[in-house]
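Notes for the one structure printed next.
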Amino acid sequence: MQQPELEQFRGGHVARLAAAADDVGRAHDDVLAAGVGRFGGEHGGRELGDAHPELDRLGDVLRRLAARQIVEGGMYDIEYLYAGPLFIHQLSHIWLDFRGIRDDRNREVGFDYFENSRRATLVHRRYAVENPRGFARYSENGWGITASDGPGPAVRVVDGIRREFHGYLARGAPFGPDDGTISPWAVATSVPFAPEVVCSTLRHALERLARRNKLGRGFDASFNPTFLVPGGDPHGWVSPWKLGLNEGPIILMIENHLSGLMWRLFRRCPHVVTGLRRAGFSGGWLDG
């Protein structure tokens, strides 16, 4: 997928997002990005923490995030700080440029959070290719597991295998939970991390939508080809929702991949710079 194709794809999502403007604001609700900004405020840190204990709790959250377990070897020979759902590896990166900056945990493991998200993206795709649980349509172009709506709650026997399906759930890979539900937006939002695999998947998805005369509708929030609905879509269960919370990150991460716009804007925000430094980050553009 070349730059003109990405620009056209982004433009289509901008148009659809206008109809869901009430939802898109919720894309800001990422604790790390919001927390860094608050740490960097005029009264951030311990001084404000005395008056606002939630900032102390936020500091605990950031420290727990930094202490996430590293998956060493054995998992497709890719080491990374583990979180199952893809959105955890994505949403703070909409606003914050983690390329080349490191906190203590990054320095310990030897790579930054941007590289960590790249590795997580590759693990998710590899998990779909391996498809250890045998779900329908998982492949090199069928992946993207994250918090999403689903076809459940339900229990079915599919091809002789008892399957438990969930409703909304923070799905994850490779350790689950996973019930065969795929979220295309989670793939598109990973484009800055691994464009070499994301763009080929997007092209495949858009070609399929075009063949089914659904190109103008954009991506469904989620779908599950293993869960067939009598009288419904022959390709399996499809979420009825179009969410600004999904569409927004697609647009913004494509823009970051093409121009770095959001990253440039936030690098110029003194509260963000101060907040990152107070959270223990250094190096790269923070030292420039």
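The values are calculated or read from the model by the stated rules, or taken from the named source; none is laboratory data. Given the structure is predicted, the values throughout are model-derived calculations rather than measurements. Cβ sites come from the backbone with ideal geometry, for glycine too, and all protein chains shown count toward neighbours.
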query = Are any residues in the range 193-224 exposed (fewer than 14 other Cβ atoms within 10 Å of the Cβ) and in contact with a His (Cβ under 7 Å, 6 or more places away or on another chain), and if so, which ones?
reply = none
ask   = Looking at (1) within 17 Å of the chain's Cα centre (by Cα); (2) among the hydroxyl-bearing types (Ser, Thr, Tyr); (3) surrounded by 23 or more Cβ atoms within 10 Å (Cβ to Cβ), which is the one condition that is false for Tyr138?
value = (1)
request  = Pairs only if they're at least six apart or on different chains, beta carbon under 7 angstrom, first in the range 74-89 and under 16 Å from Gly110 (Cα atoms), second assigned to a loop (DSSP other than H, G, I, E, B); list them, first residue then second.
outcome  = Glu79/Glu72; Glu79/Gly73; Leu81/Arg68; Tyr82/Arg68; Tyr82/Gln69
ask   = For the range 182-214, which residues satisfy the criterion of being among the small types (Gly, Ala, Ser) and either more than 15 Å from the chain's Cα centre (by Cα) or part of a helix (DSSP H, G or I) (or both)?
value = Ala186, Ala188, Ser200, Ala205, Ala210
key: the range 110-153, subset among the aromatic types (Phe, Trp, Tyr) and assigned to a loop (DSSP other than H, G, I, E, B), residue nearest to Asp179 (Cα to Cα)   = Phe135
request  = For the range 211-219, indicate whether the set of residues that are on the phi > 0 side of the Ramachandran plot, in contact (Cβ under 8 Å) with a residue 12 or more places away in the chain and in contact with a Leu (Cβ under 9 Å, 6 or more places away or on another chain) is non-empty.
outcome  = yes
query = closer than 18 Å to Ser139 by Cβ and of a type in the set (Asp, Glu), is that true of Glu207?
reply = yes
task = Identify all residues within the range 236-250 that are touching a residue at least 24 places away in the same chain (Cβ under 8 Å) and either surrounded by fewer than 19 Cβ atoms within 10 Å (Cβ to Cβ) or not aromatic (Phe, Trp, Tyr) (or both); write none if there are none.
result = Gly236, Ser239, Trp241, Lys242, Leu243, Gly244, Leu245, Asn246, Glu247, Gly248, Pro249, Ile250
task = Considering each of Leu245, Leu286, Leu228, Leu252 in turn, give the residue that is modelled with pLDDT under 95 and either in a helix (DSSP H, G or I) or more than 20 Å from Gln90 (Cα to Cα) (or both).
result = Leu245
query = Of the residues Ser259, Ser239, Ser200, which single one is under 18 Å from Ser148 (Cβ atoms), among the polar types (S, T, N, Q) and at pLDDT 85 or above?
reply = Ser239
query = Got a number for residues in the range 148-207 being in contact with a Pro (Cβ under 9 Å, 6 or more places away or on another chain) and free of Cβ contacts under 8 Å to residues at least 60 places away in the same chain?
reply = 8
query = Within the range 102-131, which residues are of a type in the set (A, V, I, L, M) and touching an Asp or Glu at 6+ places or on another chain (Cβ under 8 Å)?
reply = Val109, Ala128, Val129
key: Cβ-Cβ under 9 Å pairs, at least 6 apart or on other chains, the range 251-269 side of a type in the set (D, E, K, R), far side part of a helix (DSSP H, G or I)   = Glu255/Arg10; Glu255/Leu261; Glu255/Met262; Arg267/Val273; Arg267/Trp285; Arg267/Leu286
ask   = For residues in the range 101-121 being small (Gly, Ala, Ser) and under 20 Å from the mean Cα position of the chain (by Cα), which is nearest to Phe193 (Cα to Cα)?
value = Ser117
